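Some notes on the structure that comes next.
Read-outs: derived from the displayed coordinates by stated rules, not from any lab. All values derive from a computational prediction rather than experimental measurement. Please note: Cβ atoms are built from the backbone with ideal geometry, for glycine as well, and neighbour counts cover all protein chains shown.
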Amino acid sequence: MKILVCISHVPDTTSKINFTENDTKFDTNGVQFIINPNDEFGLTRAMWFKEKQGATVDVATVGLKDTEPTIRKTLAIGADNAIRIDTAPIDGYQVAKELAKVAKDGEYDLIIAGRESIDYNGGMVPGMLAKMLGYGFINTCVSLEIDGNTATAVREIDGGKETSKTELPLVIGGQKGLVEESDLKIPNMRGIMMARKKPLNVVEPIGNEVSTEAKKFTKPAPKGEVKLVDAENIDELINLLHNEAKAI
Amino acid sequence: MSILVYTETENGKFKKASFEVASYAKAIADQTGGSVTAVAFNAANPQELEKYGVNKVLHVENEKLQKFNADAYAQVITEATKQETASIIVVSQSANAKYLAPLLAVNLEAGYASNVVEVPNTEDAFTVKRTAFTNKAFNETAINTSTKIIGLSTNSFGVHESETSAEIISFEGAVTDENFKINVESVDKNTDKVSIADAEVVISGGRGLKGPENWHLIEDLAETLNAATACSKPVSDMGWRPHGEHVGQTGKPVATNLYIAIGISGAIQHLAGISASKTKVVINNDPEAPFFKAADYGIVGDAFEVIPKLTEKLKEFKANNA
Ligand SMILES: Cc1cc2nc3c(=O)[nH]c(=O)nc-3n(C[C@H](O)[C@H](O)[C@H](O)COP(=O)(O)OP(=O)(O)OC[C@H]3O[C@@H](n4cnc5c(N)ncnc54)[C@H](O)[C@@H]3O)c2cc1C
Ligand SMILES: Nc1ncnc2c1ncn2[C@@H]1O[C@H](COP(=O)(O)O)[C@@H](O)[C@H]1O
């Protein structure tokens, strides 16, 4: 089984979010970048398929050279081979088109992407990629088993879960649940050393028109002071929630 | 010009999000001129949409489409868009809508903006305001394509009535076997509980609750308010609660009317995912907990004392205001 894991390189979850160039660009100054958490769950699941079912695991990122430390980390975790498509990601459609090219060339059986990137929260790439390739697609996937050519997947729906079966090739939009938090691996020294020898192939983008473009950023208005209510005076809280906030 | 909305149903009944997307589409129609067409699958009463400004309902009554299937539903909406020559399509941000929107975007070669919170600005370029960085910022996004898909964030626009009369047209929607690559085997839905996505009120518990055996406190409180229950990430990581209840940046987003956080410190990753909620209440015994900076109302106190009292007082309140 050949697996491709799509990796999005995103600011650490604790990052201060600021903008530059007249609020048109995200300010990367002092920002630590990480593997998108949803992708890390997917990559770890891919490692399981590698160990238990002999799968080979490639990773792909659409991004400029600054994404390479993130890509190296995926190799240190255990991916066999990395592909970087050398262009700045602008929107989901463009990224999906670039990935579709790589995915088609590599003839993967399973493509694991994340439910969403935690930076722009698009929630677009995996579905678009699946449709462009004509593969099946399961979003918000929290469990995935592969037996021969058949996949059994569980997806999260509003208020529950849905189990389905499908044939490979398949694209999933994954998230926590694919593996447990405790299964995530911090790369060890050996992994880091091996990662240096693994191939990181840089490929030229096909280049295509972008359908959407982020023009300007703003930050939410600062929040007012919290109103504290005495623990002995619950009636006051109920009064405020009813009459002031109109929340109950 | 026609604006198309995907109006979701559950067991034949429209979800609240359907009325919200319809109201939103009506606002666009008022601004740009045009009419609103809804695509509804297996609705018991499609006529209901006319209360929210929908002029036409394409009603899909197809045996094959009884159950949600992202690709097949996207195919039907694609055809509807073409038939109506619609240039704007509005969907909600429910799990199902988020599932099908990217497929629809490829079918129609349309630009798709998700997490939109306001009516588009159509003056110069067509731009929408959407959240980014999990609610830590907003971003104005231009949609350059001629067909545009808008994913409207839950509760960001609200439901607005606008009585009109709607024509109900039966719509076939030619789906093929190709659209059914994914075979749903079973659905496991907690039917006697409201989901986080649909709830008006969410009661969320953190590590401060000490262990799963104390969750009856959260559940009793939730039941009193007809609320959904949620939790912080470590609580689900430790298996105290199911993963589906984990909210925050890496969990489910919460955009509810009232969010009550109990024994949750208010880490940045938690706050990001819940900050779209209108009113936030925190109950924590540590006055220094960061959540107090993000909340509207707070009680400094011990959860084990405060929750039972709050539940009891709310029961009284409900009884008096029924
Ligand atoms: C990549 C990444 C992603 C993450 N994503 C998320 C996410 O999506 N959602 C999320 O929630 N977290 C997320 N986290 C974790 C986050 O950083 C915090 O660790 C987590 O939110 C803390 O959970 P908590 O508030 O329940 O626990 P704690 O931080 O341990 O806080 C417990 C709180 O309970 C209070 N308390 C204790 N006893 C009582 C009592 N008797 N009565 C009242 N209050 C009491 C304490 O004062 C304290 O404030 C993420 C972390 C990382 C690194
Ligand atoms: N620039 C990128 N390179 C590779 N994969 C990406 C990129 N952006 C997004 N993805 C994948 O698509 C998923 C969803 O991203 P998004 O649609 O941007 O929210 C991510 O979790 C990744 O798996």
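Once you've got the GNM for chain A with C-alpha springs shorter than 10 Å, pick whichever of A:Leu133, A:Leu64, A:Leu170 has the biggest mean-square fluctuation. Of A:Leu133, A:Leu64, A:Leu170, the Gaussian network model singles out A:Leu64 as fluctuating most. Rg and Dmax of the protein assembly as shown, based on Cα coordinates, read 23.4, 72 Å. By how many degrees, 0 to 90 and rounded to 10, does the Cα axis of helix B:95-108 deviate from the longest principal axis of chain B? That helix lies at roughly 30 degrees to the long axis.
Please report B:Glu61, A:Glu116, A:Glu162, A:Glu244 as a ranked list, fewest other C-beta atoms within 10 angstrom at the top and most at the bottom.
On the way: B:Glu61 15, A:Glu116 28, A:Glu162 22, A:Glu244 12.
The fewest-first ordering by Cβ neighbours comes to A:Glu244, B:Glu61, A:Glu162, A:Glu116.
Report, to the nearest 10°, how far helix B:70-84 tilts away from the longest principal axis of the Cα atoms in chain B, using its own Cα long axis and a range of 0 to 90°. The two axes meet at around 50 degrees.
In terms of Cα atoms, the Rg and Dmax of segment A:2-144 work out to 14.8, 51 Å.
Would you work out the relative contact order for chain B, in percent, from Cα pairs under 8 angstrom that are 6 or more residues apart? Show your work: numbers first, answer last.
Details: 685 pairs, mean separation 45.0, N = 322.
Relative contact order of chain B: 14 percent.
Look at the alpha carbon pairs under 8 Å that are at least 6 residues apart: their mean separation over the length of chain A gives a relative contact order of 24 percent.
For the listed residue pairs B:Lys67/B:Lys189; B:Lys136/B:Lys278; A:Lys50/A:Lys131; A:Lys16/A:Lys65; B:Lys56/B:Lys82; B:Lys16/B:Lys51, the alpha carbons are over 18 angstrom apart in A:Lys50/A:Lys131; A:Lys16/A:Lys65.
Angle check, please: helix B:303-320 long axis (alpha carbons) against the longest principal axis of chain B (alpha carbons), in degrees 0 to 90, nearest 10. So the helix axis and the longest Cα principal axis differ by about 60 degrees. Here the 3J(HN,Hα) profile of segment B:182-196, calculated from phi with Karplus coefficients 6.51, -1.76 and 1.60 at θ = phi - 60°, is 9, 9, 6, 8, 7, 10, 10, 10, 7, 7, 8, 10, 6, 7, 4 Hz, Gly and Pro shown as x.
Suppose only helical runs count, i.e. DSSP H with n ≥ 4. What mean residue ellipticity at 222 nm does that imply for chain B under -39500 (n - 2.57) per run, divided by all residues and rounded to the nearest 500 deg cm²/dmol? It would help to have the intermediate numbers written out before the result.
Values: 8 runs with 90 residues, N = 322.
Rounded to the nearest 500, it is -8500 deg cm²/dmol.
Across all C-alpha atoms in chain A, the radius of gyration and Dmax reach 21.0, 67 Å. Taking every Cα-Cα distance in chain B and sorting them into 20 Å bins from zero, the calculated P(r) comes out as 31, 53, 17, 0 percent.
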